[in-house]
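Undergrad: Following this message is one structure expressed as structure tokens.
Read-outs throughout are calculated quantities, based only on the coordinates presented, and are distinct from any laboratory measurement. Small disclaimer: the values here were computed from a predicted structure and weren't measured. Here the Cβ positions follow ideal geometry from the backbone for every residue, glycine too, while neighbour counts run over all protein chains shown.
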Amino acid sequence: MGPIPRTFRLRAPAYDLDATLSSGQAFRWRVAGSVWTGVIRDRWVQLRSVGNEIEARTVAGAEDRSVLAAYLQTGVDQNVILATFPRDPVLAEAVSTAPGLRILRQDPWECLASFLLSSTKQIVQIRQIIEILCQRLGPPLLTPAGFPAAHGFPSAARVAEASERLLRACRTGFRAPYLLATARAVATGQFSLAELGLLPLPAARLRIQELPGVGPKIADCVLLFAYGRTEAFPIDVWIERVLRQGYFAGREVPRRALLDFAAAHFGVHAGHAQQFLFHWARLRAGRRA
DNA sequence: AGCCAGGCAGAGA
DNA sequence: TCTCTGCATGGC
């Protein structure tokens, strides 16, 4: 056992940390140079890519290694995912832009709450809102000497006992009552995030959409980014544009039809394809959003 | 300045 | 089932 190291490394071949942490699936990471600073399970973490490894710096225990590996999904063989993709020039172009882009495995509550706050917001704004929320409601965390204070993501119970006024003061706008009602449903146990993971995808989609403020898009984001349902395929305005232009000659297609197409065309890991397409579209647009 | 943003709920046809 | 609208806020 011995003393707990402050830094350790994970083997992570073909892992594009920059693309993964900047691709709009998690909102609490900040980069300075090549060093990413964030929070995983109420632990302050810094990450940087070093060759085929990811170096982590933390203040806490050795179990962080498995927690970090689970979060980053470093055990997933990217080639296995890519091998399931169809031969398709549009997807190929997107993949070639960042072949090491991964899907994280996030905490379900944090992911759900974050995407509840995402509707009709640019990613920069989502990050700002969530940062304010964490500063005001989240638990203070230990950070190494010389580093600024950090806060964890507030629990469902903590959000549930907040007022709508307080949540609106975090710039959440019309999303505040949705966040509050959903937090209460989760905190009281009326809605079980654990049971959600046991359901097949169609049932899980319907179940999570029972929560106020959660529709098809947010449902699939949570199932993809927090439950590892890699066949989930969130369709937002970016993905809708990419699919229309790339696969339907620019025609308008209902989202329901786009979802059917995605499942049939992209296959069992359609969610990964979605993330490649999303990241590529945003890069191509000059990272405006 | 005005358009748009990792949408959703409710109303009305 | 489908279409339309209101919703807060701020970046570009």
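Undergrad: Among what's in segment A:118-172 and is small (Gly, Ala, Ser) and surrounded by fewer than 16 Cβ atoms within 10 Å (Cβ to Cβ), pick the residue that is nearest to DNA strand C (Cβ to nearest atom).
TA: Looking at the filtered set, the residue picked out is A:Ala169.
Undergrad: Residue pairs, Cβ under 7 Å, 6 or more apart or interchain, first in segment A:254-281 and of a type in the set (S, T, N, Q), second part of a loop (DSSP other than H, G, I, E, B) and surrounded by 15 or more Cβ atoms within 10 Å (Cβ to Cβ). List them.
TA: A:Gln274/A:Phe233; A:Gln274/A:Pro234; A:Gln275/A:Ser23; A:Gln275/A:Gln25; A:Gln275/A:Leu101; A:Gln275/A:Ile103
Undergrad: How many residues are under 27 Å from A:Trp36 (Cα atoms) and assigned to a loop (DSSP other than H, G, I, E, B) when one looks only at segment A:65-98?
TA: Residues flagged as under 27 Å from A:Trp36 (Cα atoms) and assigned to a loop (DSSP other than H, G, I, E, B) within segment A:65-98 amount to 6.
Undergrad: Let me ask you something else. Would you check which residues across segment A:242-268 are on the phi > 0 side of the Ramachandran plot and surrounded by 15 or more Cβ atoms within 10 Å (Cβ to Cβ) and list them? So that I can check it myself, show each step before the final result.
TA: So in segment A:242-268, the residues on the phi > 0 side of the Ramachandran plot come out as A:249-250, A:267.
Answer for segment A:242-268, where residues must be on the phi > 0 side of the Ramachandran plot and surrounded by 15 or more Cβ atoms within 10 Å (Cβ to Cβ): just A:Gly267.
Undergrad: Against the definition (part of a helix (DSSP H, G or I) and touching a Leu at 6+ places or on another chain (Cβ under 9 Å)), how does A:Ile129 come out, yes or no?
TA: yes
Undergrad: Then there's this: How many residues are within 13 Å of DNA strand B (Cβ to nearest atom), more than 17 Å from the chain's Cα centre (by Cα) and among the small types (Gly, Ala, Ser) when one looks only at segment A:180-234?
TA: Qualifying residue count, segment A:180-234: 3.
Undergrad: If you don't mind, there's one more thing I want to ask. Can you tell me which residue is surrounded by the most Cβ atoms within 10 Å (Cβ to Cβ) among those in segment A:99-117 that are touching a Ser or Thr at 6+ places or on another chain (Cβ under 9 Å) and not in a loop (DSSP other than H, G, I, E, B)? Reasoning before the result, please.
TA: Quick first cut of segment A:99-117, residues touching a Ser or Thr at 6+ places or on another chain (Cβ under 9 Å) only: A:100-104, A:106, A:109, A:112-113, A:116-117.
With the extra rule that they be not in a loop (DSSP other than H, G, I, E, B), the set shrinks to A:109, A:112-113, A:116.
Working: A:Trp109: 21, A:Leu112: 29, A:Ala113: 25, A:Leu116: 23.
Looking at the filtered set, the residue picked out is A:Leu112.
Undergrad: Among the candidates A:Arg251, A:Arg207, which residue alone is touching a helix residue (DSSP H, G or I) at 6+ places or on another chain (Cβ under 7 Å) and within 16 Å of DNA strand C (Cβ to nearest atom)?
TA: A:Arg251
Undergrad: State which residue pairs qualify: first residue more than 16 Å from A:Ser23 (Cα to Cα) and inside segment A:119-145, second residue within 15 Å of DNA strand C (Cβ to nearest atom) and assigned to a helix (DSSP H, G or I) in any location, beta carbons under 7 Å apart, and separation of 6 or more residues or different chains.
TA: Cβ pairs passing all conditions: A:Ser119/A:Arg175.
Undergrad: Of the residues A:Ile126, A:Ile132, which single one is among the β-branched types (Val, Ile, Thr) and closer than 22 Å to A:His279 by Cβ?
TA: Criteria check complete, one pass: A:Ile126.
Undergrad: In segment A:7-61, which residues are at negative phi and among the small types (Gly, Ala, Ser)?
TA: A:Ala12, A:Ala19, A:Ser22, A:Ser23, A:Ala26, A:Ala32, A:Ser34, A:Gly38, A:Ser49, A:Ala56, A:Ala60, A:Gly61
Undergrad: Let me ask you something else. Only one of (1) crowded, with 17+ Cβ neighbours inside 10 Å; (2) within 13 Å of DNA strand C (Cβ to nearest atom) is not met by A:Asp236, so which one is it?
TA: (2)
Undergrad: Sort out which residues of segment A:50-92 are among the hydroxyl-bearing types (Ser, Thr, Tyr) and buried (at least 18 other Cβ atoms within 10 Å of the Cβ), and write them in order of number.
TA: Across segment A:50-92, the qualifying residues are A:Thr58, A:Tyr71.
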